[in-house]
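Student: Let me give you the structure first, and then I'll get to my questions.
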Amino acid sequence: MICLLLTIFASLFAAACSGVQERTFLAVKPDGVQRRLVGEIVRRFERKGFKLVALKLVQASEELLREHYAELRERPFYGRLVKYMGSGPVVAMVWQGLDVVRASRALIGATDPADSQPGTVRGDFCIEVGKNVIHGSDSVESARREIALWFQPNELLCWEDNTEHWLYE
């Protein structure tokens, strides 16, 4: 119930700050942090034109990770995934922009790096599914839920991006 209320509040807050643009949740996983890929990943999203509205380095609790990956609970890899995600720091981020969820998934690449195109994060930096560097929300609804899990509403910044008129019609 609390998660549902946080999700609703976060959605209202996001709508008030973002106009018609949507938001997505991204997390550089422990392998990406350990391999010092955070700057490169942030650079790719900035160069695309998306607006960073929240970022933090966090050691995710098992409770948070179990809630985040709740829909995968019945999958055989669930326990390994939660353990892996809790094995080191994670860089949690919220990005904003036109169609940012879909575009972010394209920038990230397929879940299986073998299926990811060169030029995507996973296509350039990953070898196997179990260490695929980055998580990205797979839908607008997932993004709202994940943002509410990882960030308090006051951690999402509303700021004027002076480049928006160079990016959007």
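Student: Helix-only estimate, please: 222 nm mean residue ellipticity of the chain, summing -39500 (n - 2.57) across DSSP H runs of length 4 or more and dividing by its residues, to the nearest 500.
Tutor: Here the helix-only value at 222 nm equals -12500 deg cm²/dmol.
Student: If I build a Gaussian network model for the chain, linking alpha-carbon pairs within less than 10 angstrom, which residue out of LEU72, LEU98, LEU37 has the largest mean-square fluctuation?
Tutor: It is LEU72.
Student: Report SER116's accessible area, 1.4 Å probe, all protein chains in place, as a number in Å² to the nearest 10.
Tutor: 20 Å²
Student: Still on this structure: Mind telling me which of TRP95, TRP150, TRP159 comes out most flexible in a GNM of the chain, alpha-carbon contacts under 10 Å?
Tutor: TRP159
Student: With a 10 Å cut-off between alpha carbons and a GNM built on the chain, which of ILE41, ILE147, ILE108 moves the most?
Tutor: ILE41
Student: Taking 25 °C and 0.890 mPa s as the conditions, I'd like the Stokes-Einstein D for the range 85-169 in µm²/s, using the Kirkwood hydrodynamic radius from alpha carbon pairs.
Tutor: 167 µm²/s
Student: Accessible area of ILE127, 1.4 Å probe, to the nearest 10 Å²?
Tutor: 150 Å²
Student: When only alpha-carbon atoms are used, what values of Rg and Dmax, in angstrom, describe the chain?
Tutor: Considering the chain through its Cα atoms, Rg and Dmax are 15.5, 47 Å.
Student: Ignoring ligands, DNA and RNA, what percent of the accessible area of the chain is carbon or sulfur (1.4 Å)?
Tutor: 56 percent
Student: May I pose another question? Can you tell me the accessible area per residue over the chain, all protein chains present, probe 1.4 angstrom, in square angstrom?
Tutor: I get 56 Å² per residue for the chain.
Student: Suppose the chain between LYS48 and GLU160 were pulled fully straight at 0.36 nm per residue; how much longer would it get relative to their current alpha carbon spacing?
Tutor: Values: separation 112, 0.36 × 112 = 40.32 nm, distance 1.74 nm.
In short, 38.6 nm is gained.
The values are calculated or read from the model by the stated rules, or taken from the named source; none is laboratory data. Given the structure is predicted, the values throughout are model-derived calculations rather than measurements. For the accessible areas, the whole protein counts, side chains as well, though only heavy atoms, and no ligand, DNA or RNA atoms are used. Shrake-Rupley method; radii C 1.70, N 1.55, O 1.52, S 1.80 Å.
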